[in-house]
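Working notes for the structure below.
The values are calculated or read from the model by the stated rules, or taken from the named source; none is laboratory data. Computed from a prediction, not measured in an experiment: that's the story for all the values here. Here the Cβ positions follow ideal geometry from the backbone for every residue, glycine too, while neighbour counts run over all protein chains shown. Only protein heavy atoms, including side chains, enter the accessible area calculation; ligands, DNA and RNA are left aside. Shrake-Rupley method; radii C 1.70, N 1.55, O 1.52, S 1.80 Å.
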Amino acid sequence: QVQLVESGGGLVQAGGSLRLSCAASGRPFNNYAMGWSRPALGKERDFVAAISWSGNSTYYADSVKGRFTISRDNAKNTVYLQINSLKPEDTAVYYCAASPLAGTIYLDQYHYWGQGTQVTVSS
């Protein structure tokens, strides 16, 4: 089992920035690819970003490329999502997830999920 706890969400004005964190415990962190998702219209969860075991590969949804940056610190068992130039449409609960694969953008390949952290962007 892998336990994931997100933090860093909050209320921010459009154009602002946030850094979300996800702390993992339970199994060796560097055995898992990590990802972030958020709900989208008609979808309970929509892929946002992912990072491979080593951190050498990153993946982004087209809608967030250039504004979101995913990173990980394997020594701290933590994955981060830096969100810049926030837009009102970024308002959502952001979920962290862990996959036993080397790296994947497919959410059904993520086995463990956190409880989410709320991001609210005011216009």
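Tabulated values for the structure
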read-out	value
A50 being closer than 12 Å to A97 by Cα and open to solvent by 30 Å² or more (accessible area, probe 1.4 Å)	no
Test for A14: is it touching a helix residue (DSSP H, G or I) at 6+ places or on another chain (Cβ under 9 Å) and either surrounded by fewer than 12 Cβ atoms within 10 Å (Cβ to Cβ) or not basic (K, R) (or both)	yes
Conditions (1) out of contact with any strand residue (DSSP E or B) (no Cβ under 8 Å at 6 or more places or on another chain); (2) more than 19 Å from H111 (Cα to Cα); (3) open to solvent by 60 Å² or more (accessible area, probe 1.4 Å): number failed by E44	(2)
Residue match in region 82-97 (condition: farther than 19 Å from G16 by Cβ and over 13 Å from the mean Cα position of the chain (by Cα))	no
Cβ-Cβ under 6 Å pairs, at least 6 apart or on other chains, region 106-123 side farther than 13 Å from L18 by Cβ, far side open to solvent by 40 Å² or more (accessible area, probe 1.4 Å) and not β-branched (V, I, T)	L107/R45; Q109/L101; W113/Y95; G114/Y95; G116/Y95; S123/A14; S123/P88
Cβ pairs under 9 Å, 6+ apart, first in region 17-35 and at pLDDT 95 or above, second surrounded by fewer than 13 Cβ atoms within 10 Å (Cβ to Cβ) and charged (D, E, K, R)	A23/K76
Residues being open to solvent by 20 Å² or more (accessible area, probe 1.4 Å), within 23 Å of A33 (Cβ to Cβ) and either of a type in the set (F, W, Y) or touching a helix residue (DSSP H, G or I) at 6+ places or on another chain (Cβ under 8 Å) (or both) - total across region 82-123	6
Which listed residue, of Y59, Y32, is among the hydroxyl-bearing types (S, T, Y) and open to solvent by less than 60 Å² (accessible area, probe 1.4 Å)	Y32
